[in-house]
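Data first, discussion second: the structure below is written as structure tokens.
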């Protein structure tokens, strides 16, 4: 059974958009979209280097999908989500990128069943700005519990142009 948390959320709220929910919860393939998964190995799930590895995965994946206009923002969002999974989620399990029309979703799975909560704004704090950054860059973000002892944290960015058509890659 999947549950949705109703904690503080950005624009869309705690439920992912329909196309993303369909892919994450029902396992449906995206029509005219892209889906790429990067599994973290247990040994690297707590190493800071896995954040850099995740950013490189984003860069290669978005380059292949011809969605370069979102590369920098997506790398920032992924860095924050993976770091949070390492610090608060018991480690990162996997990173999944999904592109549908003009939207790009970043989904990080971790080992925790605790809801992510943005820290109150504090200009002097050394940590605690990650989810605020995600909120500022994304059209929506949230989390869900697919069952079992894990959580999916998702964030959706919007592109000026969608990914290249699977039938005709852009050059």
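Rule-based calculations on the coordinates, nothing more; no lab input. Everything numeric in this text was worked out from a predicted model, so none of it was measured. Methodologically, a virtual Cβ is constructed for each residue, glycine included, from the backbone with ideal geometry; neighbour enumeration extends over all protein chains shown.
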Can you tell me how segment 17-68 classifies by the Cα gyration tensor, rounded, prolate or oblate, using a/c under 1.5 as the rounded cut? oblate
How high is the relative contact order of segment 47-119, in percent, counting Cα pairs under 8 Å that sit 6 or more residues apart? 25
Taking a crude spin-label model, label points 7 Å out from Cα along the C-beta direction, the residue 31 to residue 158 distance in nm is 2.2
Theoretical gain in end-to-end length, residue 132 to residue 53 [0.36 nm per residue, Cα-Cα removed]: 26.2 nm
Any idea how far apart residue 101 and residue 69 come out in nm if each label point goes 7 Å out from Cα toward Cβ? 1.5
